[in-house]
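Since the structure comes first, as structure tokens, the remarks are kept for the end.
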Amino acid sequence: MSTPDSPSPLSTDDIAAITGNLDEVADRARAAAESSGRSGDDVRVLLATKTQPAEKIRVALEHGFTLIGENKVQEITGKAEALADLNPETHLIGPLQKNKVNHTLRHAQCIQSVDNLPLAEKINNRLDVLDETIDFFIQVNTSREDSKFGIAPEDAEELITATRELGRMRLRGLMTIGLPGSTPEEIRPSYSDLRELSERLRDSGAMPAEAAELSMGMSGDFELAISEGATMVRVGSSIFGAREYS
Ligand SMILES: *Cc1c(COP(=O)(O)O)cnc(C)c1O
């Protein structure tokens, strides 16, 4: 494992590929924001770093990116020490089981995958013990498919209302994964539905006005997501290359 003092095992070509991809994704995200009448600064790129070694993530953080997202608590824990000197803002973007809450709170600054009240209550109770706070997103299943993750859009209001009682958790907005592996025409409704839900819940006062973030869009469709209002896109393979699962 690389430490701040040891040389990176990545080749200069590997490093140049990552930084070139980072610049390209940042340029495309900015252009997409501007062509939908927003400022490039209104959209943040979160690096989806699952399965990627800390050395590669380090390249991106040293290149000026600050926001990373992991899917598994074990991966957050495993890489946190190696990246601690770069102080990334770390989000959990994958499903969270109640028995992993304590580990998550040790290293994550935001949980994007809150989709049920018992989980939110467990997080809040633990934060009470720690005397800390955390940011979170409500994950909504806008794919119109049977998916295990994310609350159904019609149930989001009730969950959001209930989480407003949890004093140690600050809602930043809504997150969705959308419909996987499909054409832009098929995937757009997943993103427009999330934007419309967010607008409706903020207009009615069910959701705090400041919880305006929309985390949506991945390598294959982040420009589409930005055109539908994404404030945060989660990009992995376009930056780091294809993932290798062992
Ligand atoms: C892996 C992942 C991404 C990024 O996917 P890419 O297609 O590699 O950009 C975004 N969001 C979540 C929740 C993921 O698991």
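Summary of values
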quantity	calculated
Within the stretch 180-190, considering residues that are away from the ligand (no atom under 13 Å from the Cβ) and touching a helix residue (DSSP H, G or I) at 6+ places or on another chain (Cβ under 8 Å), the one farthest from Leu22 (Cα to Cα)	Arg188
Residue within the stretch 147-156 that is out of contact with any His (no Cβ under 9 Å at 6 or more places or on another chain), surrounded by 14 or more Cβ atoms within 10 Å (Cβ to Cβ) and among the basic types (Lys, Arg) present	no
Selection status of Pro88, modelled with pLDDT under 95 and of a type outside the set (A, V, I, L, M, F, W, C)	no
Every residue from the stretch 184-227 that is among the β-branched types (Val, Ile, Thr) and in contact with an Asp or Glu (Cβ under 6 Å, 6 or more places away or on another chain)	Ile187
Matching residues, the stretch 167-205, being surrounded by fewer than 18 Cβ atoms within 10 Å (Cβ to Cβ) and either hydroxyl-bearing (Ser, Thr, Tyr) or on the phi > 0 side of the Ramachandran plot (or both)	Gly181, Ser182, Thr183, Ser192, Ser204, Gly205
The lone exception for Ile93 - which of (1) touching a strand residue (DSSP E or B) at 6+ places or on another chain (Cβ under 7 Å); (2) surrounded by fewer than 19 Cβ atoms within 10 Å (Cβ to Cβ) it fails	(2)
Qualifying residue in the stretch 126-135 (condition: hydrophobic (A, V, I, L, M, F, W, C), under 30 Å from Ile187 (Cβ atoms) and either at pLDDT below 95 or within 16 Å of the ligand (Cβ to nearest atom) (or both))	no
Long-range neighbours under 6 Å by Cβ, at least six apart or interchain, first residue over 20 Å from Ser113 (Cβ atoms) and modelled with pLDDT of 90 or more within the stretch 175-194, second of a type in the set (Asp, Glu) and more than 13 Å from the ligand (Cβ to nearest atom)	Ser192/Glu228
Pairs, first in contact (Cβ under 8 Å) with a residue 60 or more places away in the chain in the stretch 222-234, second among the acidic types (Asp, Glu), C-beta under 7 Å, six or more apart	Thr231/Asp42; Thr231/Glu213; Met232/Glu213
Hey, Asp115 buried (at least 19 other Cβ atoms within 10 Å of the Cβ), of a type in the set (D, E, K, R) and under 29 Å from Pro53 (Cα atoms) or not	yes
Of all residues making up the stretch 53-62, the number that are more than 16 Å from the ligand (Cβ to nearest atom) and either within 22 Å of Ser113 (Cα to Cα) or crowded, with 16+ Cβ neighbours inside 10 Å (or both)	5
Sole residue being touching a residue at least 60 places away in the same chain (Cβ under 8 Å), under 19 Å from the mean Cα position of the chain (by Cα) and either surrounded by 13 or more Cβ atoms within 10 Å (Cβ to Cβ) or part of a helix (DSSP H, G or I) (or both), chosen from Gly78, Gly69	Gly69
Lone qualifier among Lys79, Lys50, Lys72 - being in contact with a strand residue (DSSP E or B) (Cβ under 7 Å, 6 or more places away or on another chain), basic (Lys, Arg), closer than 30 Å to Leu117 by Cα and within 16 Å of the ligand (Cβ to nearest atom)	Lys50
Some residue of the stretch 160-177 being of a type outside the set (Ser, Thr, Tyr), part of a helix (DSSP H, G or I) and in contact with a Lys or Arg (Cβ under 6 Å, 6 or more places away or on another chain)	no
The stretch 214-246, residues that are more than 10 Å from the ligand (Cβ to nearest atom), in a loop (DSSP other than H, G, I, E, B) and either hydrophobic (A, V, I, L, M, F, W, C) or under 18 Å from Thr142 (Cα atoms) (or both)	Glu228, Gly229, Ala230, Thr231
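The values are calculated or read from the model by the stated rules, or taken from the named source; none is laboratory data. Keep in mind it's a predicted model, so treat the numbers as computed, not measured. Don't worry about glycine lacking a Cβ; one is built from the backbone with ideal geometry, like all the others, and counts go over all protein chains shown.
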